[in-house]
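Taking it in order: structure first as structure tokens, then the write-up.
The values are calculated or read from the model by the stated rules, or taken from the named source; none is laboratory data. The model shown is predicted, which means the values in this text are computed figures rather than measured ones. Every residue, glycine among them, receives a Cβ derived from its backbone with ideal geometry; neighbour counts consider all protein chains shown.
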Amino acid sequence: MAKALVTLVKSPSGFRADQAKTLRALGLRKMGDTREHDYSRSIRGMLEKVKHLVRIEIREEAGQEEKSGA
């Protein structure tokens, strides 16, 4: 599974309270904080909500090979 590296680049101050709570749930507390999460559906939804406040870098896990059904 891919990983999302999320960094808080803009303060949530002045934005809606639910966006600040989403940042807290992602583990981002201070400016410059970076956390790594599995790039799952729930995390993608959270990132979509606060995409104007964070920088997102998607990384594929090393060592994973694609499986083919053939």
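Brief remarks follow.
- Test: residue in segment 26-37 that is modelled with pLDDT of 95 or more, assigned to a helix (DSSP H, G or I) and hydroxyl-bearing (Ser, Thr, Tyr): no
- Restricting attention to segment 1-36, the residues that are over 13 Å from residue 56 (Cβ atoms), surrounded by 15 or more Cβ atoms within 10 Å (Cβ to Cβ) and touching a residue at least 40 places away in the same chain (Cβ under 8 Å) total 1.
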